[in-house]
Amino acid sequence: GRDDHGLIYFTSSRDDAAGNKTHGATGQNFTDIFESRLDKKSKWSTPVPVEGINSEFEDGTPCFSSDFSEIYFTRCEVGKREKKGCVIMYATRTGDKWSKPQDIKILPDSLIAAHPALSADGLTLYFVSELPGGSGQKDIYSATREADNSSWSTPRNLGPDINTSGNELFPFVRENGTLYFASDGRI
C-alpha cells in the first residue's frame with residue numbers, strides 16, 4: 001500500500017543476483033532489483049531478489065506509480081557478441097505478485113532508454129537516452145500519455161536548461177514536480 005514504509009526496493013550486483021555474467025564496463029555482476037523488509041525490531045531483512053521481475057540480464061533503477069501498482073525499470077541485454085542496449089520495462093502488481101515485465105517500447109530497438117522516473121500523476125515519464133540531436137552524451141527526455149495504459153508520446157529532450165554536453169543520469173521527480181538528476185557536465 002501507499003503507506004508501506006517498511007519495504008525497500010534497490011538495485012544491486014550482490015552475489016545472489018540472477019545470471020553469473022559480469023558487466024564489461026564495471027567488472028561487477030549484472031544487477032538485479034532486490035527487496036528488504038523492516039521487521040518488528042526495526043531491522044531490515046536479508047535482501048532477496050524481487051520475484052517475477054529480474055532476468056539473467058542487467059535489471060535495475062526501479063520506480064513506481066504513486067499507488068505502487070506499477071513498476072518501471074531498466075533492463076540491459078548483452079548477447080554473445082554484441083550489446084543489445086537498454087530498454088524500459090513495465091509490470092503491474094496484483095496483491096504481492098508482479099505481472100510478466102514488458103518493454104514499453106518508447107524508442108526503436110537500436111536506441112538506449114534507461115533510468116525511468118514517473119511523475120506523481122503517472123502521465124509523464126522521464127528517462128535517459130543518447131538520441132541523435134541531443135545536447136551531448138546521455139540526456140534526460142520526457143514522454144507523456146493521456147491516461148494510465150495509454151501509449152506514450154514521442155520523447156522530448158528537456159533542453160539546455162537541464163542537459164549539458166556531458167552525461168545527465170538517474171532522474172527522480174518529486175510529488176511537487178521537482179526534478180533531481182546526476183550530471184557530470186556541470187561544475
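The values are calculated or read from the model by the stated rules, or taken from the named source; none is laboratory data. Because the structure is a prediction, the values reported are computed rather than measured. Every residue, glycine among them, receives a Cβ derived from its backbone with ideal geometry; neighbour counts consider all protein chains shown. In case anyone asks, the SASA skips ligands and DNA or RNA and just uses the protein heavy atoms, side chains included. Shrake-Rupley method; radii C 1.70, N 1.55, O 1.52, S 1.80 Å.
Working ranking of peptides 59-65, 177-183 by packing, defined as the average number of other Cβ atoms within 10 Å per residue, highest first, is 59-65, 177-183. Between the listed residues ALA117, GLY133, ILE8, the Cα displaced farthest toward the positive end of the dipole of the chain, a dipole computed from Cβ unit charges relative to the Cα centre, is found at ILE8. For region 29-187, which whole percent of the accessible surface, found with a 1.4 angstrom probe, sits on carbon and sulfur atoms? After summing per-atom areas, the C and S share lands at 51 percent. Computed from the Cβ-Cβ distance with R0 of 25 Å, the FRET efficiency linking GLN102 to PHE64 stands at 0.95. Computed from point charges on the beta carbon alone (+1 for Lys and Arg, -1 for Asp and Glu), the dipole magnitude for the chain about its Cα centre is near 280 Debye. Think of a 1.4 Å ball rolled over the protein heavy atoms: region 38-142 then has 54 Å² of accessible area per residue. Residues SER151, SER12, SER99 ordered from highest to lowest accessible area at a 1.4 Å probe: SER151, SER99, SER12. Within region 57-152, the GluC sites (Glu not before Pro) that combine a DSSP coil assignment with at most 14 other C-beta atoms in a 10 angstrom radius are GLU82, GLU146. Measuring with a 1.4 angstrom probe and ignoring ligands and nucleic acids, PHE57 comes out at about 40 Å² accessible. Shown for region 31-75 is the translational diffusion coefficient from the Stokes-Einstein equation, using the Kirkwood radius over Cα pairs, a temperature of 25 °C and a viscosity of 0.890 mPa s: 209 µm²/s.
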